[in-house]
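One structure is given below, encoded as structure tokens.
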Amino acid sequence: MKQIPPPNEQSESSVGENSQVLLEKEVQSRRNFAIISHPDAGKTTLTEKLLLYGGAIQQAGAVKARGEQRKVTSDWMELEKQRGISITSTVLQFAYSNNTINLLDTPGHQDFSEDTYRTLAAADNAVMLEDAAKGLEPQTRKLFEVCRMRKIPIFTFINKMDRPGQEPLSLIDEIEAELGLLTWPVNWPIGSGELFRGVIERNSKNVILFSRAGRGKQSDECHLRIDDPDLNSLVEKELLDKALEEIELLDAAGSEMDIELIHSGDLTPVFFGSAMTNFGVRPFLDQFLQMAQGPVARLSTNGPVNPVAPEFSGFVFKLQANMDPRHRDRVAFVRVCSGRFEKDMTVKHARTGKQIRLSRPQKIFAKDRAVVEDAYPGDVIGLNNPGMFAIGDTLYTGSKIEYEGIPCFSPEIFSWLRNPNPSAFKNFRKGVNELREEGAVQILYDKDQSKRDPILAAVGQLQLEVVQHRLEHEYGVSTLLEPMGFQVARWVDGGWSQLEEIGRIFNCKIVQDAWSRPVLLFKNDWNLNQLVEDHPDLVLSSVAPVVSGVEPITL
Ligand code: G4P
């Protein structure tokens, strides 16, 4: 074995070699994922149980505030507290079985999907959580589409098996038929609801029997071979026979496990379990770590960037202002993509070309923060953001690169934002510009520049309320919202020149986005389809391409 010399005897090149070895080791140990689900499917519960296995929290019930148990919570904003909802995403890092896992938490409420879309841009894997009784639900389908766009591996956890649910085979069929994803059940349930007895692991043919753990406790897991004679006294014969028959059916007619198809986002491993009672959470985590992809090479202006490349690079995927109202700060969340990030390092900001010293990087664990000394690809760091960063910005050392950026997703609610008090215009302008930059809401502008009132464009009504609330409480301006009655937005791929060629168009309003691109607003899909039929050459997109190198319009 090669001896590593003590630090003071190391030559410069061996220091370089050692840090490269360390980088590779750290990258190999990293796994990151975001959970996509419909509200109530059990995301908070699953998160909590995963953190419990990772030792990041000592007691379940800590993620979701439960009276005195409240320790870890992402509800830092006043409105979140008032409504008891989780609006903003946080990052939870924990260690488990020699891995460092980053769980990119996403808002529970569907009105904040935009935030989730952006968080998915920083994720290498997604866990699709389904309620066994409800199957696929609207929010899950929407978020799935974003994962598909990015081709990220999806792991399906079918939750609440301790409750009566749909037939496992029909849940699998639904995923295949509706999402066009191949499925590979990693385990198969024995019974469900009151009669849920555990799962059979398909590869090992081990049976894992579960006992119902009390709230906050990890369940005892009892592993038996399928031919263990004790099984007959522990599980009803008909339940076991049914599960085995179904597995036979899957073996004969189902897809085969293929890690490449998993990594290309075409095949989803499926797990059955019950987060609340801890059924199947640990086996899920163990298998997930084996099958999930580590930090991947990301596309940049210089081609794909390997995570183990020695130079540091990363991109901003989320901005959050006033996370801690006592400090009135702004934090930029950066996904590290390559190299080692070190505290106090000086990086270049691709959009402006400026050099920045990152002196107070933070790791943010829900409400708590700690200064980070270093971070590796797959990690997320929080940087204090004095108005310098925008979503999609690239930071790097070495030769210039710029990552692809994060597209804007189609908003569904549009409202004029009025400032009834002209003397407050300065604050109004500052608030609108900063909240747009942060991505709290999209801002559109009338085509006619003389009408200066901005249009708030959001995915959900609550998103608008948050903006109004924040304008009032953080910037001191009371505003009025005037709904516009549109529900659909589309970007025009051919830009203004194509619109001019077409001439007058009906039943839609033409506005512009912050990058002066035309956006068409429609009252409904019917009007949109009508326009597409009348003008087959017009190419419309529901996702706006990323703009780089152009300063946005500000108020
Ligand atoms: P969300 O973050 O996706 O919105 O869901 P959350 O974890 O808050 O779970 C929604 C409800 O479903 C909670 O019940 C939770 O306890 C329950 N739940 C989660 N996983 C399971 C499971 O595996 N089995 C069963 N039976 N229930 C589950 P609640 O009554 O709304 O809240 P609480 O009083 O339990 O906190």
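Each reported figure results from applying straightforward, stated rules to the coordinates on display, with no laboratory input. Since we're looking at a predicted model, the values are computed, not measured. Neighbour counts run over all protein chains shown; Cβ positions are idealised from the backbone, glycine included.
At a glance:
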item: Over 27 Å between alpha carbons, listed pairs Lys205/Lys237; Lys25/Lys354; Lys25/Lys343; result: Lys25/Lys354
item: Packing-based ranking, highest mean first, of 182-192, 302-312 given that Cβ atoms within 10 Å are counted; result: 182-192, 302-312
item: Label point 7 Å beyond Cα of Glu137 along Cβ direction - residues of region 260-283 with amide nitrogen under 15 Å; result: 275-276
item: Phi to ³J(HN,Hα) by Karplus 6.51 cos²θ - 1.76 cosθ + 1.60 over region 429-434, Hz, x for Gly, Pro; result: 4, 4, x, 4, 5, 6
item: Gyration tensor verdict on region 179-305 (Cα atoms; rounded if a/c is under 1.5, prolate if a/b is larger than b/c, oblate otherwise); result: prolate
item: Burial order of peptide ranges 141-148, 440-447 (average beta-carbon count within 10 Å, highest first); result: 440-447, 141-148
item: Average Cα contact separation per residue, region 408-544, under 8 Å, 6 or more apart, as relative contact order %; result: 31
item: Tensor-based shape of region 147-214 (alpha-carbon gyration tensor, a/c under 1.5 rounded, otherwise prolate or oblate); result: prolate
item: Charge dipole of region 488-538 about the Cα centre (unit charges at C-beta), most positive-ward option of Ser516, Asn529, Gly494; result: Ser516
item: Net charge, Phe288 excluded, C-beta distance under 11 Å - Lys, Arg +1, Asp, Glu -1; result: +1
item: Derived scalar couplings ³J(HN,Hα) [region 195-200; Karplus, 6.51 cos²θ - 1.76 cosθ + 1.60; whole Hz; x for Gly, Pro]; result: 9, 6, 10, x, 9, 9
item: 5 angstrom amide H check on Gly165, placed H, neighbours 5+ away; result: Gly193
